Amino acid sequence: MRAECQVSAGWLCSRFLSAADESNPLALFRQHRLDVEDTMESLIAQGMDIDGRYCLS
């Protein structure tokens, strides 16, 4: 199975950014990649796709 997953910079910042963190979305993604994967797996299991994509925004 192949799924297209999109994560917005705004979602990353709102979910994982603290005062001490770097505000670079790529750095946040790298630091919290497993948490993002867990959230995406939950969306996929629930069938929460939008036109074949799974989006966190």
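The values are calculated or read from the model by the stated rules, or taken from the named source; none is laboratory data. From a predicted model like this one, the values you see are computed outputs, not experimental measurements. Note that each Cβ is placed from the backbone with ideal geometry, even for glycine, and that neighbours are counted across all protein chains shown.
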With the first residue restricted to the stretch 42-57 and required to be over 12 Å from E4 (Cα atoms), and the second required to be of a type in the set (A, V, I, L, M, F, W, C) and at pLDDT 70 or above, Cβ contacts under 6 Å at 6 or more apart or on different chains are S57/W11
Any chance you could count how many residues in the stretch 32-57 are in a helix (DSSP H, G or I) and within 12 Å of the chain's Cα centre (by Cα)?
11
Does the stretch 31-47 hold any residues that are exposed (fewer than 11 other Cβ atoms within 10 Å of the Cβ) and at pLDDT below 90, and which are they?
A45, Q46, G47
